[in-house]
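The values are calculated or read from the model by the stated rules, or taken from the named source; none is laboratory data. Since the model is a prediction, treat every value here as computed from it, not as a measurement. Please note that ligands, DNA and RNA were not included when accessible areas were found on the heavy atoms of the full protein model with its side chains. Shrake-Rupley method; radii C 1.70, N 1.55, O 1.52, S 1.80 Å.
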Amino acid sequence: MVKVAFICVHNSCRSQIAEALGRRLAGDVFESYSAGTETKPRINPDAVRLMKRLYGIDMEKTQRSKLLSEIPPVDIVVTMGCNVACPYLPCQHRENWGLNDPTGKSDEEFVKVIRQIESNILSLKERLNAL
C-alpha cells in the first residue's frame, strides 16, 4: 500500500489532522503518517477538540507528535504550508497544500482548515485510485 507522510515543522496541528483524516477517509487506499522536524509535547488542543466534535476521532488516543526519523520510508510527502523552509523527506511524489496554520485562531478558522484537509485527502485518494 502507498505510504503518505503529512509533514510540518512541529507536527502538532495540520499534519496531525491530515494523518487522522487520511486514516479515516482513505485508509483503504493509503497509509497515513505525520511528522515534523521538531515536536510539541501534545497535539494542539483545539485540533483535538474539533476533530472529536466533527468526526468522533480522538487524536490524543491514537496519535502523538513525531520526528521525521520516527516514520517509515514513504512514497508521497505532503507539506502543509509551513511558510518556512519545509522539512525534507525522500519520496517519489511531493506536494504542498499551502494551508494556513489555524493555531490561536477562531473555531471557524480551524473548521475551515479541517474541511480543506478533508477535501484534499479525498482528492488524493481519488488520484491514487485512478493510477
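Miscellaneous remarks
- Region 88-131 and region 1-48 have Cα centres separated by 10 Å.
- Averaging 1/r over each pair of different alpha-carbon atoms in the chain and inverting the result gives 14.4 Å, the Kirkwood hydrodynamic radius.
- Mean residue ellipticity (222 nm) of the chain, computed from DSSP H runs ≥ 4 via -39,500 (n - 2.57), nearest 500: -12500 deg cm²/dmol
- Compactness index (Cα Rg / 2.2 N^0.38 Å), region 26-68: 1.25
- Surface analysis of region 1-99 yields an accessible area of 46 Å² per residue, using protein heavy atoms and a 1.4 Å probe.
- Share of carbon and sulfur in the accessible heavy-atom surface of the chain [1.4 Å probe, %]: 50 percent
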